[in-house]
């Protein structure tokens, strides 16, 4: 019998909050999440902050550095996990300094 495990890779998002929108249930209009549009150097993306993370939701114009998980559902989504911390930045620097650099053509 084959078994599978759903994985949720983590990626880093850095940019400026462009806009926000509330996600509400259709039935009773209750708030269940807030979506934040972050403009990055390579384009914009939406990050979902679930109700449990509501205190972390940044405002328009704020610069954010986040760790998000990727959901691989029908539409895919990025979900807030936590703010990027110094340990993450140190890890990125260590790994980047050890990575080979491709020569330009």
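Read the figures in this text as sums done on the coordinates, not as results from a lab. Predicted, not measured: the structure shown is a model, and the values here were computed from it. FYI the Cβ positions are ideal-geometry reconstructions off the backbone, even for glycines, and counts take in every protein chain you see.
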Where both residues lie in the chain, what percent of DSSP beta bridges are antiparallel, nearest 5?
95
Taking the chain, how much of its Cα-Cα pair set, in percent, is spaced more than 16 angstrom apart?
66
Extended-chain gain in nm, criterion 0.36 nm per residue less alpha-carbon gap, residue 22 and residue 91
21.5 nm
Helix 86-98 sits off the longest principal axis of the Cα atoms of the chain, rounded to the nearest 10 on a 0 to 90 degree scale, by 40
Mean residue ellipticity at 222 nm from the helices of the chain, using -39,500 (n - 2.57) per DSSP H segment of n ≥ 4 over the full residue count, to the nearest 500 deg cm²/dmol?
-4000 deg cm²/dmol
When 17, 67, 11, 47 are arranged by how many other beta-carbons sit within 10 Å of their Cβ, fewest first, they go 11, 67, 17, 47
In region 37-51, which residues have a backbone nitrogen under 14 Å from the label point lying 7 Å from residue 60's Cα in the Cα-to-Cβ direction?
37-39
Least to most buried among 19, 52 (fewest other Cβ within 10 Å first):
52, 19
